[in-house]
1. Quick one: 3J(HN,Hα) in Hz for region 149-157, Karplus 6.51/-1.76/1.60 with θ = phi - 60°, rounded, Gly and Pro as x.
2. I'd like the Karplus ³J(HN,Hα) series for region 99-108: coefficients 6.51, -1.76, 1.60, θ = phi - 60°, whole numbers in Hz, and an x wherever there's a Gly or Pro.
3. Arrange the following residues from fewest to most other Cβ atoms within 10 Å of their Cβ: 289, 195, 213, 186.
4. Long-range amide H contacts for residue 86: which residues qualify at under 5 Å (H placed 1.01 Å from N, peptide plane, sequence gap of 5 or more or a different chain)?
5. Name the residues whose placed amide hydrogens come within less than 5 Å of the amide hydrogen of residue 331, ignoring near sequence neighbours (fewer than 5 apart) on the same chain.
6. Can you pull out the GluC sites (Glu not before Pro) in region 179-271 that DSSP calls coil and that have at most 12 other Cβ atoms within 10 Å?
7. Residue 414 versus residue 218, label points 7 Å from Cα toward the beta carbon: distance in nm?
8. For the chain, what class follows from the C-alpha gyration tensor (a ≥ b ≥ c being the square roots of its eigenvalues): rounded when a/c is under 1.5, otherwise prolate if a/b is larger than b/c, else oblate?
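All of the numbers you see were taken from the coordinates with simple rules; none came from a lab. Keep in mind the model is a prediction, meaning the values are calculated, not measured. Cβ sites come from the backbone with ideal geometry, for glycine too, and all protein chains shown count toward neighbours.
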Amino acid sequence: MKILLVAPVKDVNSEKKVVKSIRFPMISLLYIAAVTPDIHNVRIIEEEDEKIDFNADFDLVGITCMTGTAVRAYQIADEFRKKGKKVVLGGIHPTVLPEEAKQHCDSVMIGEAEPVWNEMLQDCEMDRMKPFYNGGIAQCLDDYPLPRRELLTGKTIFGMQPIVTSRGCPYSCDFCSVWKFFGRKIRHVAVDNVIRDIQNANTSRFMFLDDNIVGDQVYAKKLFCALKELNIQWVGQASVSFIKNDELLKLAADSGCRGLFFGLETVSEQKMKRFAKSMKSQQDILDAISKVMSYGIVFHASLVFGFDDDEKSVFDETLEFLYKSKIPSATFNVLTPYPGTEVYYNLKKQNRLITEDWQYYDHCTPTYIPRNMSLGDLYSGYQYVKENFFSLKNTIHRFPANWRNPIIFTLANVGMKKEFKSEKAFVRRRLENLYEIMERKILCMPV
Ligand code: B12
Ligand code: SF4
């Protein structure tokens, strides 16, 4: 069969342009290609790079789908089905909402694709595809073949290739569905296989996509020791607690780590306890930032606004802290109630969700009635923080502390600023649409 695997853009009609330098290909499709028998021909389209030709000759189209890309994924699926093609949808959104996804495809793949992909291919050839296939959660990742990297097309951020060493997360944050989807036990790819994957990749720059590259510190130590021999540069996501382990932090740096993404969520001391993270005070975070930076590693923080205990003061408090910390780079998000998360169920129960039109679930648009501020306050507070953080004055103030990584610092800040500029008018229009939706609905306003 001729198989097309597609990674959709968020919204094909959107005026919000994705800054090319910060986009990244979907590794899931490379894994699916790897379990596809050689008798089939597989092609991958990253819609960010390449337009889809709906008239092209394919027997089966597989589309990967997150909540933010669901609307576009469904458009693509509908269009291919109109042309008589068989379509299968997979990824986190169809896994959480399989019945919704089924309205747009022949089959929905729930959970991990590897265990059931071949069964589905055989059924497709025999024209007897089942509505749902459930791959569940495999116990051993070493039974999976390595991703087929040669199918990657297009440029990636700093020429980095994506790589994964684990699935699963032991934490259970209420705004995240990863622990329900991939389970609470961390499952690893054997270090030898990771090394083989890196050696096949034809680059010396990697982005580890693991939710927490140091989730299992014994494994991490083994991995970093092996990476040291390869002379590569890498970035990844980590929990901030690991930096108390000096040996591991040094090993990470020696193995080529150039940047780590930390989900801090908040810098407000009263709220830190709620996240059960190791940081208990702003001083703890300041110490963590300077320690990570002293190893030549860029500290990238991810912060979220709009939690029920957030008040309007959260925006100034965050900005002041970030200014003081001279943090190299940060991502700001409006809390997004993804289906399958506790936050989603609670807001829905309280009748505070404004819309379940997934195109609004973009991390910039508030899609629910906040508890301690108005919708407009949340929107403008979020814009205010981004505008100030990426301003020339703020960037110049943070630059001297980041002299060891001038290129990454400049590119990260310039790239984020560019994206912010393009998103501003777009989010404003989305907010106006949401006000209209609210007028039509009676939603619970907080008292
Ligand atoms: C790495 C990562 C990123 C990277 C790279 C993403 C990429 N292009 O690969 C970056 C930083 C760019 C990123 C961006 C975003 N991400 Co992200 N990301 C992840 C992360 C940590 C790992 C994804 C991954 O590669 N996993 C490994 C692969 C093998 O697993 P997989 O993708 O799930 O694929 C398996 C199955 O799902 C299934 N499958 C997947 N697709 C398909 C397709 C078919 C046809 C079939 C049959 C099966 C199938 O089979 C695969 C193999 O087993 C996940 C968390 C997680 N653990 O999943 C969040 C996650 C997917 N991201 C999330 C979000 C919200 C985002 C952003 C919207 C964040 C933002 N602020 O903008 C953006 C959106 C980007 C976009 N394209 O729209 C959420 C999605 C929630 C949701 N309900 O949609 C997650 C779950 C994180 C979370 N904590 O909630 N992300
Ligand atoms: S937000 Fe991160 S730490 Fe929390 S459950 Fe999700 S993946 Fe795990």
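1. Whole-Hz 3J(HN,Hα) from phi for region 149-157: 5, 5, 8, 5, 10, x, 8, 10, 4.
2. Values, residue by residue: 5, 5, 4, 4, 5, 10, 8, 7, 9, 10 Hz.
3. Ordered by Cβ neighbours within 10 Å, fewest first: 195, 186, 289, 213.
4. Answer set, sorted by chain and number: 61.
5. 301, 302, 303
6. Passing both the DSSP loop test and the Cβ count: 229.
7. Label at residue 414, label at residue 218, 4.6 nm between them.
8. Because a/c hits 1.5 or more and a/b fails to exceed b/c, the chain counts as oblate.
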